[in-house]
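Single-structure report; data block below.
Any read-out appearing in this document is the output of simple, stated calculations on the displayed coordinates, not a laboratory observation. All figures in this text were calculated on a predicted structure; none of them were measured in a lab. Cβ sites come from the backbone with ideal geometry, for glycine too, and all protein chains shown count toward neighbours.
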Amino acid sequence: MPTYNTIMSLCAGAGLLLVVALGWLLLTDRPVVPDAWAMGFGALGVILFATGLHMTLTWPLAGQGFPFDNVIFGEPSLGFGVLLLFAAFFLWRRGAALGEVGVDRGRTVAALAAPVSLLVLGLGLACFGIAAAGWRYTLFAAPPEEPISGEFAGHPMLEASFMSALYVLTGVGAVLFPFVLRRRGGAVAWTAGICWTLAGLAFLLFGALNYFTHIGLIVNTM
């Protein structure tokens with residue numbers, strides 16, 4: 001039973017890329033238009049919050065198929081969605097503090113995001129747990145009826161390793177986030193940025209591909 005991790009993956013990937021892009025603008029002292037970023041974070045946050053909350057509270061959403069999807073996709077989407085919504089609210093109401101070039105915006109962001117960085121760290125550790133479960137129990141493998149991904153149904157560890165690796169990349173960036181705030185640049189920031197960029201691109205493209213593969217799976221199993 002496919003769930004709506006299509007739109008979740010798409011928005012999570014876009015959200016990771018936007019976070020990296022905004023961080024790069026702030027660290028390199030480039031102009032920022034707060035209202036534009038508020039709309040970007042807000043749109044993604046609403047989708048991830050709504051779908052993540054429904055999947056988290058409707059337990060299990062896919063009772064006849066993959067109930068572990070509630071934990072794997074629902075709860076991380078809910079957490080990320082809430083973070084994006086609060087970031088959007090701040091940028092909308094107080095974003096002028098980040099719109100000025102020349103001030104120490106890195107120090108301002110670090111002070112504001114320090115408390116919530118504990119949640120980001122926790123979500124990163126959760127991503128490691130999801131990745132370990134994916135490898136241990138060979139999750140994420142597509143059924144043979146699913147187009148494209150189903151071609152590798154005989155090699156379940158392949159897709160399990162791919163998806164678990166994405167969660168590891170996301171987790172590394174999240175675990176490093178508090179240290180990025182503390183150092184405001186350097187190798188730690190670049191490492192987190194690269195991890196989230198790679199994971200964001202992969203989640204975005206994989207989510208877009210799933211629109212075809214999930215529709216095909218539904219049609220093939222009707």
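Structure data summary
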{"read-out": "Inter-site label distance for MET157 and TYR211 at 7 Å from Cα along Cβ, in nm", "value": "3.5 nm"}
{"read-out": "Gain on full stretching of the segment that runs from LEU57 to ALA97 - 0.36 nm per residue minus C-alpha separation", "value": "10.7 nm"}
{"read-out": "Packing rank of 180-187, 196-203, 8-15, where each peptide gets the mean count of other beta carbons within 10 Å, highest leading", "value": "8-15, 196-203, 180-187"}
{"read-out": "Efficiency of FRET between PHE86 and ILE194 - r from beta-carbon atoms, R0 35 angstrom, step 0.05", "value": "0.90"}
{"read-out": "Sequence-separation-based contact order of region 76-222, relative, with Cα cut under 8 Å and 6+ spacing, percent", "value": "25 percent"}
{"read-out": "Segment ALA132-VAL116, extension gain: residue separation times 0.36 nm, minus the distance between their alpha carbons", "value": "3.3 nm"}
{"read-out": "Counted charge near LEU53, where neighbours are those whose Cβ lies closer than 15 Å (Asp, Glu -1; Lys, Arg +1)", "value": "-2"}
{"read-out": "Backbone HN-Hα couplings from phi across region 186-198 [Karplus 6.51/-1.76/1.60, Hz, Gly and Pro as x]", "value": "x, 5, 5, 5, 5, 5, 4, x, 5, 4, 6, 5, 5"}
{"read-out": "Packing rank of 31-40, 168-177, where each peptide gets the mean count of other beta carbons within 10 Å, highest leading", "value": "168-177, 31-40"}
{"read-out": "Cβ crowding within 10 Å averaged over residues, with 143-152, 119-128 ranked highest first", "value": "119-128, 143-152"}
